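Q: Submitted below is the structure of interest, expressed as structure tokens.
The values are calculated or read from the model by the stated rules, or taken from the named source; none is laboratory data. Keep in mind it's a predicted model, so treat the numbers as computed, not measured. Please note: Cβ atoms are built from the backbone with ideal geometry, for glycine as well, and neighbour counts cover all protein chains shown. Accessible surface areas use protein heavy atoms only, side chains included; no ligands, DNA or RNA. Shrake-Rupley method; radii C 1.70, N 1.55, O 1.52, S 1.80 Å.
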Amino acid sequence: MYAAVKTLHIVFMVAWFAGLFYLPRLFVYHALAPPDDRLGIDRFKLMERKLYFGIMTPAAALTIAFGLWLWLGFGIDGGWLHVKLALVLALIVLHVYLGKLRSDFARDRNRHGHVFYRWLNEIPALPLLVAIVWLVVAKPF
């Protein structure tokens, strides 16, 4: 049972991170879209909504649920886990922030240029991913 729960935790974490990387990339293209390209803009809005609500949010919820099951159901513990949980909290904050940006785009209220979204595309998700995986593998504390 432990292996199944851990597998599902990892699978949904991969799906969540795929969305955390892809949604800001969609924002880059959306920010570059000419204002008179209503068809293209509407397509980006649809893709962003489906990604955020159809993939990312369920994947995040299931990642957290299976992670809690591992922690509370199987007694996983240690200092490394406390640091990991703090980093997961940062991921949740990033997720919510991306949702706010998606909402701004949906209402045609984007206030950022494509360069902002290029930076958001890699940072902070990439360092968080590396740190979380390293903590799980190395268990340094």
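Q: Extent of segment 61-100 along each principal axis, from alpha carbon coordinates, in Å, largest to smallest?
A: Largest to smallest, the principal-axis extents are 35, 20, 8 Å.
Q: Return a single number: how many Lys pairs in the chain, at a sequence separation of 8 or more or on separate chains, have alpha-carbon atoms below 19 angstrom apart.
A: 5
Q: Where in the chain are the DSSP H helices whose C-alpha atoms run 24 Å or more along the long axis and whose mean Kyte hydropathy is at least 0.0?
A: Span-like helices in the chain: 2-32, 79-106.
Q: Here is a further query. Subtracting the Cα-Cα distance from 0.36 nm times the residue separation, let me have the gained length for PHE21 to ASP42 in nm, one decimal.
A: Additional length available on full extension: 5.5 nm.
Q: So, one more: If you take the C-alpha gyration tensor of segment 7-54, multiply each eigenvalue by 5 and take the square root, what semi-axes do you get, largest first, in whole Å?
A: Ellipsoid semi-axes (Å, largest first): 27, 10, 4.
Q: Could you pull out the trypsin sites (Lys or Arg not before Pro) across segment 99-141 that fall in loop regions by DSSP (anything but H, G, I, E, B) with no more than 16 other Cβ atoms inside 10 Å?
A: Those satisfying the criteria are ARG107, ARG109, ARG111.
Q: With a 1.4 Å probe and every protein chain kept in, tell me what percent of the accessible surface of the chain is carbon plus sulfur.
A: On the chain, the fraction of accessible area on carbon and sulfur atoms equals 73 percent.
Q: Take the chain, connect every pair of alpha-carbon atoms lying under 10 Å apart with a spring to form a Gaussian network, then pick out the residue of LEU87, LEU72, LEU23 with the largest mean-square fluctuation.
A: Between LEU87, LEU72, LEU23, it is LEU72 that shows the largest mean-square fluctuation.
Q: Suppose accessible area is computed on protein heavy atoms with a 1.4 Å probe; arrange THR63, THR57, THR7 from highest to lowest.
A: Sorted descending by solvent-accessible area, the residues read THR7, THR57, THR63.
Q: Report the far tail of the P(r) of segment 13-141, meaning the percent of Cα-Cα pairs longer than 26 Å.
A: Tail of P(r) above 26 Å: 29 percent of Cα pairs.
Q: Which value, in Å², gives the accessible area per residue of the chain when a 1.4 Å probe is used on the protein heavy atoms?
A: 56
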